[in-house]
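Accompanying notes for the structure given below.
The values are calculated or read from the model by the stated rules, or taken from the named source; none is laboratory data. The shown structure was predicted, so the numbers you read here are calculated from the model rather than taken from an experiment. Cβ coordinates were reconstructed from backbone atoms using ideal geometry, including for glycine residues, and neighbour counts include every protein chain displayed. These accessible areas exclude ligands, DNA and RNA; they are computed on the full protein's heavy atoms, side chains included. Shrake-Rupley method; radii C 1.70, N 1.55, O 1.52, S 1.80 Å.
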Amino acid sequence: ETRFTACYRSITNLLPVGPKQSAIDKNLWRHTEARVVYRGVGCAMSDPRALLVLYGSETGNAQDVAERIARESARRGFAPSVLPLDAFELTELPNQRRAVFVTSTMGRGDPPGNAKAFWQFLRRKSLPSDSLKTLNFAVFGLGDSHYQKYNAMAKKLFKRLESLGARPVTELGLGDDQHPVGYDAGLDPWLVGLWRVCRVSGGFPWGEGNAFRDAGDDEGGDDASDDDGGKYAVEIVTRHAVMGAEDDVAHVDTNPPGVETLLAVKLEMDRVSNAGSPVDRKLVRGKDDWGEARIGPSDGRRVAAVVSNTALTTETAVAQTRHVELSFATSHLTGRGDETTTNTRSNNDVTNHEYAPGDCLEVTPFAFFTRPAETETGTETETAGNGYGKCADAYGRLVVSAVSGSTVGEGDGPTTRDEKNTPTWATGIDYLLRRCGVEPCSFVKVTPAKHEENEHKFEPKVLSARSLVAGCLDIASASPRRFFYETAARFASNPDETERLVYFASPEGRDDLYKYGIRERRTVLEFLDDFPSVQMPLRWLLQVAPRLKPRLFSIASSSALDGADAVHLTVTVAIWRTHYGRARRGLCSDWMTDPVRLRVGDLLAARIVRGAYAFPENNQPTLAVCTGSGVAPIRAMVRHRKAGFDESTTPWMTKNGSSGLGSNDSTESETDHKTKNAAAPCLVFFGCRHSDRDFLYRDEWEGLGGVLRGNGRDDTGASGADDGGSIPQGGFVPCFSRDKEKEYVSHGIRANSKNVWAFLRASDCKIVVCGSAGDMPEDVLESFVFVCQLEGGMDETQARMFLRKMDARGQYVVEAW
């Protein structure tokens, strides 16, 4: 067994495959089966009720689905274990009788961050074809049909499990984020089919002598049963028992918590969630660390300081966009309190912030649910646009009146007047806590509900109730999901409200719930307005309310040019109106584009995340197409080229005019070697509405002509005029869709067809398309098809095949959102 463990660790380290490695692969799971037979007991296979639920998640949606499957399976008599794919002990997979896999898809059909090691091992060709012959499985994928690689990871996982001998018990389930109801539209009927399989002979195998528990399978409900105590337990802690320092307590009560404090709270809740998840510890890799460290997006969280926040558009622009510069440098993070300074310095000393074009910055919007000053006394519609709700507003007026000493009417809000120093940043949070029966100034301990039954005792940390809500829950922006309404029905004292909530949570009420909640972007605080009798305990709220999730922004800077500690973002505020005309604003973008709320010197929680795609190298001829804030990764790529650009470098093209782009010669001359270090031409198509309102980074583009042309020949300076358009000419082509004549980027591509074809015919040309995920990517593709037909002499089928091959080689990148 010791030798086997050593071999397994070698495999998970992904050593190159050789004869010895292949032999290990072939005997890996067969050796595991022998080990289980020898031990006889102690494996998950010994429990006939065991159900393994594994997920790969980047933003938390797949984890939400996995936890829902676990809840529903527990109601039906299963004993579920829920784990991220990379946290699962792979040697136990052949011992499992039934497993459900839930995964999202990243980039070009790649696995999420916490599923990469699992997938890399599973796809080894040397694994025996009958490795998983005893496993019965089901797969559900989460994707976005706007992307070319829609749910590709789930499809590949399904096929690979089949090829290893596993037997699917139901068809592959696919959830589409573009559906009006979201992925629930695909998940609900898929779960109905899955649970139905559990009751029929030959479906999910059930242990001998065990009866499947019928729990309303055909309805596919996600019910919180009456005897379900929930996932968490919350204990109120007295003030003088907290931290032993009254000054610290007072500071937390009266001032907004620092970013470091909120990060610590978020990580603590991740730890509690880990420990509270149902799991057989024998299935966990790194068993000693389980529950102490979060496996997933919460690891490696960082703090950055705002260096500048400037407008890129005029006040008359349809979409307001700002250029935000951040710094991870210690010099920008000092002088903000001992706690923040110390923690930040230690983090910066051990982490390398270098990033590449195409990478992203993950920002957690600890916005404290405050509103812009101009809407404090605004109209009802303006107030609703911040997801606050009328009752929270009334509570805010009560606080202001209490502080000023004026008289408050009986109907103005809560009658408790003892918290006269309640800070305005916590207005909505305090109202929520009081509805949960918790005083806002309280401190709490959060533990797994059944932690006393575990062999490892869980030691909770003391948290401020306000910080707990501010750091973990999204109560003023996100819409709760169905389980929230199902749970709220248990705590509504008004029979009419209970009936309505039960209906919302039923399959029959799904469409009405969509209209009420998701379509209107109804928040938790607004829900409390509409259902005043609901008094949901804090322990349940922590389980069912939307979690505060990080947002991804494409980085618009280059670590080579701007420094590894500097990060630039191009942020456009998300503003829209719902079906019934309610104003909505994106929580993170609204906060980051408001120079009053996010000022120079402020800190925010952020970390660099590797991009899903590999952007072109400096010596690759590139066609870049971008619209609006999609210019960010293109700007990063061009600035990266500028960092190493030298006009005196040996030309990217040889001086005799031969590009050598179609050559596959294995030999390399000295000139060719020098050419590799030269900058290839880059042709950028940028689209916006108006040339005088939202032409982002206009001044910069005017000074980057040399970098875009690269080190190639520029005998004529005219696009496509040299050698009949055979030599690509780099440059910048702006397209304005709302000026005198409508011109989109797709029109710009067609108008420059000769030069575009000069790029496309180069064997190493790369296309990068960035921007809105609406019609733009498809229109751009059709324009490239047009160019291939017009200039390349292809028919439509050949043109599409030509571009499809580019995509298969990773030379056609679409980064749309």
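Ligands, DNA and RNA left out, the 1.4 Å accessible surface of segment 59-156 is 46% carbon and sulfur atoms.
Excluding ligands, DNA and RNA, the accessible surface per residue across segment 495-553 is 41 Å² with a 1.4 Å probe.
Along the positive direction of the dipole of segment 463-546 (beta-carbon charges: Lys, Arg +1; Asp, Glu -1; about the Cα centre), which of 468, 478, 544 reaches farthest? In segment 463-546, that residue is 468. Of 690, 146, the order by accessible heavy-atom surface (1.4 Å probe, DNA, RNA and ligands excluded), from most exposed downward, is 146, 690. Protection proxy ranking for 308-319, 187-198, 626-637, using the average of other Cβ atoms within 10 Å per residue and placing the highest first: 626-637, 187-198, 308-319. Provide the solvent-accessible area of residue 441, counting protein heavy atoms only and rolling a 1.4 Å probe, rounded to the nearest 10 Å². That residue has around 20 Å² of solvent-accessible surface. So, with +1 on the Cβ of K and R and -1 on the Cβ of D and E, and no other charges, what is the size of the charge dipole of segment 559-611 about its Cα centre, to the nearest 20 debye? Once rounded to the nearest 20, the dipole reads 400 debye.
Which loop trypsin sites (Lys or Arg not before Pro) in segment 115-191, with loop taken from DSSP, have no more than 10 other Cβ atoms within 10 angstrom of their Cβ?
125
Which percent of the accessible heavy-atom area of segment 764-817 goes to carbon and sulfur, probe 1.4 angstrom? Intermediate values should be presented prior to the final figure.
On the way: 1210 of 2360 Å².
Within segment 764-817, the accessible surface is 51 percent carbon and sulfur.
Per residue, segment 46-194 exposes an accessible area of 31 Å² to a 1.4 Å probe, with every protein chain left in place.
The share of Cα pairs per 5 Å bin across segment 488-572, counted from zero up to the longest distance, runs 3, 11, 15, 18, 13, 6, 6, 7, 7, 6, 5, 2, 0 percent. Surface composition of segment 561-639: carbon plus sulfur atoms hold 49% of the accessible area, using a 1.4 angstrom probe and ignoring ligands, DNA and RNA. Protein-only accessible surface at a 1.4 angstrom probe places the residues 236, 555 in the order 236, 555, largest first.
For segment 105-171, what does the alpha-carbon gyration tensor say about shape, rounded, prolate or oblate, given a ≥ b ≥ c as the root eigenvalues, a/c under 1.5 as rounded, and a/b over b/c as prolate? It is oblate, given that a/c is not under 1.5 and a/b is not larger than b/c.
For the pairs 125/159; 266/549; 125/156; 116/805; 156/282, note any where the Cα-Cα span goes beyond 18 Å. Don't skip to the answer; put the middle values down first.
Numbers: 125/159 13 Å; 266/549 10 Å; 125/156 14 Å; 116/805 25 Å; 156/282 27 Å.
Going by Cα-Cα distance, 116/805; 156/282 fall outside the 18 Å limit.
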